Every structure is written in structure tokens, then in C-alpha cells.
């Protein structure tokens, strides 16, 4: 399957909508064309899909040859300096990446942000959907390929999301009981992430692992109705507890929906155990609550003199 969007079409669209972004890509293209070490330049994410706005960063990839691992970071910094004036930049490897792959994160003096991955050119034999090639010296990007992440998650992966989601909700409940609300909210965020992945899988959306992003990027462009209830400011124990319960409701519904979509039961037996444990009025640690009927001291009241 040949890529439908040509380099000229895609760049023409960008030039009319986002001239600053197009200018940065033109500079990147010039550097890649001039230097034999650089073999291709591709654009992905929102710009690659024909979207984006003035606030979008430029997500791109460069394929290279003839650069050893020890020199890759220096080559990435050199590339960054050749295409513009960076205010600051970071070259690093994401967790789990091989030594031959690195990421450049840079902001330029016109406010544009560049998120650029350097990868050995020989590892590519096609281009993902929602991306387009700007330079392709060896025709490695002439065929559209389907990334594994675009496909529905395996049943095993979905069950992992479910289990980790309930684990995070149980963790959040412990922090609510301890009134460690910042830690509780952090755990709720993790549970919500897994729930939204499952929700996307239940909707049959591509790239379900991206969760919220997938729900916003693909039709029908809908979020769960009660999603807002899963958020809370960590200054009210009752509100955080309610957000955790709402996240549990979301995770339960998403697990059921994903089970239907994937044709296999991914619901965890941990779900009911955790839901039974969730507190309804966690205003104090269980062990710190006074016996029923005992007056509670006002912490703002003056201390009586002895």
C-alpha cells in the first residue's frame, strides 16, 4: 500500500496553515539532504495526520547510517544547532530504548518545540499511518505499515491494564485513609490512565494504549460521561475519596466494554474486593477516629492554662 499523502501535498498544507512549523521542517530537510549520514526524515503525530495548530510541537524521526553509538548524542546536538537557534535542548534515551536510538527535545527561539527521534535507518521498512515522509533517500518509507500499537490490545495486555488499574485504586484508598492526598491523587491518575486505555479498546479505537489521546484523536471523539468526576484537588479528603470511587466506576465499566470488544473476559476478581474496601467517609485514619460520641477537639481552640 503506497502512502497517499505526498511530501509536497503535506508540506503545502503545512505552509498554508502553519508556516513556522513548515519552515523548521524545511531547515531539517535541507540538513538531511546535504549530509549522507541522514537517510530519511518523517513527520508524525498531529502534524503527520494533517492536523495540529500553532501550539503543536513538531514530532519527527530521522534515520541515520554511519554513526556509532558513542557519537550519536553529539550528532543529534549538531543536527539541532544546524536547523535553528535552540533556547535549550536535551538528548536522552527513553526507558527501555536500545543504545542506537535517542530522542532530542528542543525549544527554538521562535517558541517552536521539536520532539525528534534518531533511529538506525536500516531498522525501518515502511512508514506508519498518520505520518508522512519529507526526505526518503533509500525509499524505506514508501510503503505504509501498521504498527503493533495500532491494533487492538491482546487479551493479556488488557488484563494487565485491568489488574494495574485496580491495584492503583487500592493504593489510592490507602493514601486516602492516611490523608496523604497528593499521593492518593497520583495513584488515581495512574488508575484513570489504565481505565481510559480500556475504554478506548472497548470503543474499538486504534492506538488504545494511548488512552485519552486516542479518544480525542479518533471518531467519535467522545470521552466517558463521568470522566470529570475522577479528578480532584488534593486539599479535600472527601473529594479525593469520591474521585477514587468514580475512577473505580470508570474502570469497571471500561473493563466490561473491553471484554465485549475483545471477545474475552478481562474483568478482574480484584475489582469487587477493592470496591468493597473503598471508604465512603474517610475524614480520618481508621485507627485515629475517636469512639462514637466522643467530642473531637478543635485544633484552633486555645490551649487552657494549667
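For region 201-218, check the following and say yes or no: at least one residue is farther than 27 Å from residue 152 by Cβ and buried (at least 17 other Cβ atoms within 10 Å of the Cβ). No: zero hits.
Summed over region 52-77, residues that are more than 20 Å from residue 42 (Cβ to Cβ) and in contact with a helix residue (DSSP H, G or I) (Cβ under 9 Å, 6 or more places away or on another chain) total 2. Scanning region 148-172 for residues that are free of Cβ contacts under 8 Å to residues at least 40 places away in the same chain and outside any helix (DSSP H, G or I) turns up just one, 154. Among the residues of region 112-125, those that are at pLDDT 95 or above and either within 20 Å of the chain's Cα centre (by Cα) or in a loop (DSSP other than H, G, I, E, B) (or both) comprise 112, 113, 114, 115, 116, 117, 118.
Checking the conditions here, which among 198, 151 is more than 17 Å from residue 241 (Cβ to Cβ), surrounded by fewer than 17 Cβ atoms within 10 Å (Cβ to Cβ) and modelled with pLDDT of 95 or more?
Numbers: 198 fails: surrounded by fewer than 17 Cβ atoms within 10 Å (Cβ to Cβ).
Exactly one of 198, 151 is more than 17 Å from residue 241 (Cβ to Cβ), surrounded by fewer than 17 Cβ atoms within 10 Å (Cβ to Cβ) and modelled with pLDDT of 95 or more, namely 151.
Within region 53-68, the set of residues being out of contact with any strand residue (DSSP E or B) (no Cβ under 9 Å at 6 or more places or on another chain) and in contact (Cβ under 8 Å) with a residue 12 or more places away in the chain comprises 53, 54, 66.
Candidates 162, 144: the one that is surrounded by 14 or more Cβ atoms within 10 Å (Cβ to Cβ) and modelled with pLDDT of 95 or more is 162. Contact map, region 209-228: residues that are outside the structural domain of residue 157 (by TED's automatic domain parsing) and without any contact (Cβ under 8 Å) to a residue 24 or more places away in the chain paired with residues that are assigned to a helix (DSSP H, G or I) and surrounded by 14 or more Cβ atoms within 10 Å (Cβ to Cβ), Cβ distance under 9 Å, separation 6+ or inter-chain. No pairs are found. Filtering region 25-64 to residues that are in a helix (DSSP H, G or I) and surrounded by fewer than 22 Cβ atoms within 10 Å (Cβ to Cβ) leaves 26, 27, 29, 30, 31, 33, 34, 45, 46.
The values are calculated or read from the model by the stated rules, or taken from the named source; none is laboratory data. Being a predicted model, the structure only gives us computed values, none of them experimental. Glycine gets a Cβ as well: all are built from the backbone with ideal geometry, and neighbour counts include every protein chain shown.
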